[in-house]
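Here is the structure we will look at.
The values are calculated or read from the model by the stated rules, or taken from the named source; none is laboratory data. As the structure is a prediction and not an experimental result, all values here were calculated from the model. Glycine also receives a Cβ, built like all others from the backbone with ideal geometry; neighbour counts cover every protein chain displayed. All accessible areas refer to the heavy atoms of the entire protein, side chains included, with ligands and DNA or RNA removed. Shrake-Rupley method; radii C 1.70, N 1.55, O 1.52, S 1.80 Å.
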Amino acid sequence: MPSIIRVLDEHTINKIAAGEVIENSSSCVKELVENAIDAQARFIEVRIIAGGRKKIEVIDNGVGMGPDDALLALERHATSKLKKIEDMNTLDSMGFRGEALPSISSISKLTLKTSNNEQATEIVISGGKILKHQVASRTQGTTIEVESLFFNVPARKEFQKSTSNDIQKVTKVMTELALAYPNVSFRFVSDQRETFNVSAQPGLSFIESIRFRVQELYGENLDSSLIPIDLESREYKIRGFISSTETSRPNRLGQHFYINGRCVQSKLLSWALREGYSTRLAEKRFPLAFLFIEMDPSLIDVNVHPQKKEIRFRNAIELKEELSKMVNTALQTTSYKEAEAPLKEEPQDSFFASPSQPLFENPSVYDQVHKIKIMQKDPVFSKSEPKLELVPNIIGIFDVYLLVQAKSCHSALNLPMHHLDGLLLIHQKRGKERLLFEYLMKKEHKVDIQNLLLPETIDFSPSDACIIEDHLDLFNAFGISIRSMRGNTFMIDGLPAILKTTDAKNIMEEVVQDIHAFGFHRVVSAHKEQLLAKAIAKSVRLEKKIEEVNEAQTFVSKLLKSSDPMISPRGKPIIKVLDQNDLSKLLN
């Protein structure tokens, strides 16, 4: 019987390895830049075209390679970082597997030009096959050009997302690497547009160079809210910055952790960071962090994932406790200056304003109960249909809810019931989100813009800036008057008038964070309007609780006439109907 077990040829093996190591253009950029860092480069320039699918170019001034080493670097598992398995216990380089270059060259058209300051060589490969190997001319360092990524792997190519998504992911990788190595100068260019250009500052201490790098990438505004950490214990040294208790995010996207210079993803570290803040932050709010943790290489296992995204700690509980303790210490020893914003006169809220004729004859919440019908001319109701009646004892609870007594023998509303008789417990903020969302989504009107007295310039991270730049027209269509300035800086001179706020920075931060969560790259353009409208609607502020009965009546009637008054745009319940049976159950 013939054998059914076969040894795969080298070409097939390389393609399989490429599937593990090179997931997309960002993983390709990451591997090449990490190789440049390991080659002791002090300047690294990365250029991409079409998100890296068409072309990736990485240029460095590292030690370079001679002709023989250049050929060996293209062989699988050929590496200068390891000689034996025991070397893993003292590993301090970014790469060590020896898979990156052969994996990339097997699924692209790759040109390698390198010089060790003695001799320069050029190698051209297409789909893993060497087409050219010749003497070249170059100063010390290495240049790698990768063209037509995945050209010979159509299945992998079909699974790639949009070009804008590739740009965002490459930008994120480049930002993380630039943060990790403040002693290296980085220049990143996407489609001939310079995304960032950051310089090393050799005269600064490590923590000051991190501060300077954060300023370059995220702007000076963020720097003012950062608290330095420079502490060490018997096993760990932790340096970097965390955000003050006044600066937080609705998710963990602003947290950056580096272990011995390697950017890692770790729920353990994120939990430890949040635990260090204890009750200083509100629920479901997360601090920002740029933390660099140094430890003996023998205490970690980096050989977990082909792309080296994950890491295992040998003493995970001890590290968690130490990090949490150090964060708590930094927060305790830092004095905060709380900015006291002057009280402003509440502007008239035209969106939720009361009609010219009061709907309640007697505006007092505690007066005799009498029923007032909703305006007869309201287009939502036809004359033949029974009307909803609201009893005027509308009560505010905890500045969050409205409690409304209502009666209806037949629903003339967009509510999923035939009888509406009892108490309506209404979440004010979610109700306003619903009204704001539907207002933004109406095609027949233009969103009114409230011009800011002083236009605000805001610096974003490079990846956030990519998102905003790609959707400037959409932002402006929804009333956020924003334009690109230089680099990752944008100017905002107007916000939707119905938001009742001029806090452009917080609005934009929340909107961008939501866009990350929604994943703009995963949806077709037709749905992006809805997603952005949801993000803006979430930013509605309850700067003034509803106290006047007329205002409450108007708000409730508008809400009940909306397309879906029961559910907010984000899928949260707005109204809970409590009938007599529900109240009886609560008291029995």
| remark: Order by accessible surface, 1.4 Å probe, largest leading, for residues S224, S270 comes to S224, S270
| query | Which value, in Å² rounded to 10, gives the accessible area of M566 with a 1.4 Å probe and all protein chains present? | reply | 30
| query | Counting only the heavy atoms of the protein chains, how much of I468 is accessible to a 1.4 Å probe, in Å² to the nearest 10? | reply | 0
| task | Would you mind getting the accessible area per residue of region 172-257, heavy atoms of the protein chains only, 1.4 Å probe, in Å²? | result | 42
| task | For K284 and F206, compute 0.36 nm times the residue count separating them, minus their Cα-Cα distance, and round to one decimal in nm. | result | 24.9 nm
| task | Let me know the volume per residue of the alpha-carbon convex hull for region 211-266, in Å³. | result | 110
| query | For region 124-181, what number results from the quotient of the Cα radius of gyration and 2.2 N^0.38 Å? | reply | 1.53
| query | Of S266, S584, which has the most accessible area and how do the rest follow, probe 1.4 Å? | reply | S584, S266
| Given H placed 1.01 Å from N in the peptide plane, which residues other than close sequence neighbours of A136 have an amide H under 5 Å from its amide H? | A120, T121, E122
| Along the charge dipole of region 126-178, which of A136, V173, V153 sits closest to the positive end, that is, farthest toward it, with unit charges on the beta carbon of Lys, Arg, Asp and Glu (+1, +1, -1, -1)? | V153
| task | First check a/c for region 140-229, with a ≥ b ≥ c the square roots of the eigenvalues of its C-alpha gyration tensor; if it is under 1.5, answer rounded, and if not, answer prolate when a/b is larger than b/c or oblate otherwise. | result | prolate
| query | Each residue of region 485-495 in turn: what ³J(HN,Hα) in whole Hz from Karplus with 6.51, -1.76, 1.60 and θ = phi - 60°, glycine and Pro shown as x? | reply | 9, 10, x, 9, 9, 10, 10, 10, 10, x, 10
| Per-residue SASA entry for S557, accessible area with 1.4 Å probe, Å² rounded to 10 | 10
| task | Just list whichever of K30/K237; K442/K561; K432/K585; K55/K169 have alpha carbons separated by over 20 Å in the model shown. | result | K30/K237; K432/K585
| said: Could you sort Y439, Y258, Y401 by their accessible area in this structure, using a 1.4 Å probe and putting the largest first? | reply: Y401, Y439, Y258
| Spacing of the two label points (7 Å from each Cα toward its C-beta) at N315 and L578, in nm | 5.4
